[in-house]
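Read-outs: derived from the displayed coordinates by stated rules, not from any lab. Predicted model, so just to flag it, every value in this text is computed and none were measured. Every residue, glycine among them, receives a Cβ derived from its backbone with ideal geometry; neighbour counts consider all protein chains shown.
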Amino acid sequence: MKRWLDWRMLRMGLLGFSSGLPLLLVFGTLSFWLREADIDRTTIGFISWVALLYGLKVLWSPLVDQMPLPGLTRYLGRRRAWLLLSQLSIILGLVGMALTDPAEHLDLLVWLAVWVAFASATQDIVVDAYRIEMAELRLQGLMSGFYTTGYRLAMFVASAGALGIAAWFDPDEATYQHEPWVMTYLVMAGCMLVGLFTTLCSPEPDVPYQRRDRQGWGAWLHAAIWRPFSDFIQRYAWTALIILVLIASYRISDIVLGVTANVFYKDMGFTKSEIAWVSKGFGIYMVILGALLGGVAVYRIGIMRMLLIGAILAAATNLLFAWLATVGHDFWLLVAVVGMDNLSAGIASAAFIAYLSGLTNVVYSATQYALFSSLMLLLPKFLGGFSGAMVDGMGYEWFFTVTALLGVPVILWILVAWRYTDVELPSRD
């Protein structure tokens, strides 16, 4: 019971909320907004590539990991300074998006979404490092469970809450109006204050890092950029390739499906209110339940078993969407499909976050975790950009079936990784 009352857990949940809020505002919720503004599915699919920035964050993670920010780092510390800067940038970007109508200025809205995604990915780099540095390996499963709970609560706010606000201020859902989305995104910008206040009230982790004032620029860049990657290769040798392939493919089934989820619900005739309270309301509670169950299960039975279970569930539940596509508008079937899918997603996410956390060396936590999480997102987000065109070409039923089949090689690869790698208690020295 003492573990659950640890203040680090609550702090991690609040920072998880701050991390989860921007994602759907430049991804799923934005897709629904664009569809309502009569943007075609193929274009929406390609705009989803904005989220590729989450998969490219490894490119600037060494700077976030090691470089101090003038003024801020001195008073707040390395992690909190970067957190504050990224959170303020997200707030400004969301305000800009609120004031931009995609029906008239689609290009500008996309660039603002890029800004928010970049700042959000930077925030994720720091939060992931903060989580790893604030607790020992044995607690990473529970930490990831609380992080995922906060993350998913934020996704509820950014999806169900956002759609609910838009529906409340929309005088007629039959026609597109920009004003409801202005209010929606302004409220979402205000919700980011949760993360900002948590940052200001949190302690700075006491871990070593490479300070540039103690060495020349060349030596500092070598330490900040090269050493995190060479450290990983040295610790895992040839099995590093097995690990990296697993990371790159683990989330492929659900991420590729997720690009078109909101567009699918709208095309099936579900209203904003139905989507908000079923897919984004009830579904979020099921994700939270899954995350907590997954976190406890990792603590009790180990990471690799839960990775395997999560991969099987993620692939299998995609077939439920194919079933819903054949039936059409059925409220209670939507409840069942969303409930099973999100429960599975919560279990898989908690196990995977614990797995990635265990692979890192605490000295290079931000850079190494950014490498892993970038690989996790890059391929699925890239393939997801073609999802609109795929649906146009093959229909929803076959599209969801294909996304389920994408999970079969992942399941087999987990068995390979389990056989040749030891990640239950990895070295982090």
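Structure values in brief
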{"quantity": "Using alpha-carbon coordinates, inclination of helix 303-327 to the longest axis of the chain, degrees", "calculated": "10"}
{"quantity": "Among 25, 72, 163, residue whose mean-square fluctuation peaks in a GNM of the chain (springs only between Cα atoms under 10 Å)", "calculated": "72"}
{"quantity": "Packing rank of 288-299, 324-335, where each peptide gets the mean count of other beta carbons within 10 Å, highest leading", "calculated": "288-299, 324-335"}
{"quantity": "Between 0 and 90°, nearest 10: helix 7-25 axis offset from the chain longest Cα axis", "calculated": "50"}
{"quantity": "Among 62-71, 188-197, the order from most to least packed when residues are scored by Cβ within 10 Å on average", "calculated": "188-197, 62-71"}
{"quantity": "MRE, 222 nm, helices only [DSSP H, n ≥ 4, -39500 (n - 2.57), over the chain, to nearest 500]", "calculated": "-24500 deg cm²/dmol"}
{"quantity": "Cα-based shape type of region 254-315, given that a ≥ b ≥ c are square roots of the gyration tensor eigenvalues and the cut on a/c is 1.5", "calculated": "oblate"}
{"quantity": "Between 0 and 90°, nearest 10: helix 179-191 axis offset from the chain longest Cα axis", "calculated": "20"}
{"quantity": "Relative contact order of the chain, pairs being alpha-carbon contacts under 8 Å that are 6 or more residues apart, as %", "calculated": "28"}
{"quantity": "Relative contact order computed over region 284-429 (Cα-Cα under 8 Å; 6+ residues apart), in percent", "calculated": "40"}
{"quantity": "Kirkwood hydrodynamic radius of region 67-172, Cα pairs, Å", "calculated": "16.1"}
{"quantity": "10 °C / 1.306 mPa s Stokes-Einstein diffusion coefficient of region 287-429, Kirkwood radius on C-alpha pairs, µm²/s", "calculated": "96"}
{"quantity": "Label-to-label distance, nm, for residues given as residue 300 and residue 412 (7 Å Cα→Cβ offset)", "calculated": "3.2"}
{"quantity": "Ranked by how many other beta carbons lie within 10 Å on average, peptides 101-107, 309-315, 16-22 from highest", "calculated": "16-22, 309-315, 101-107"}
{"quantity": "Length released on extending from residue 104 to residue 197, taking residue separation times 0.36 nm less the Cα-Cα span", "calculated": "29.9 nm"}
{"quantity": "Hydrodynamic radius by Kirkwood, which averages 1/r over all alpha carbon pairs of the chain, in angstrom", "calculated": "21.7"}
{"quantity": "Radius ratio Rg over Rh of region 1-154, counting only Cα atoms, Kirkwood formula for Rh", "calculated": "1.03"}
{"quantity": "Size descriptor, Kirkwood hydrodynamic radius, that averages inverse alpha-carbon separations across region 302-386, Å", "calculated": "14.8"}
{"quantity": "Normalised contact order of region 1-103, rounded percent, pairs of Cα under 8 Å and 6 or more residues apart", "calculated": "24"}
{"quantity": "Spin-label pair residue 92/residue 394, simplified geometry with 7 Å Cα→Cβ offset, distance in nm", "calculated": "4.3"}
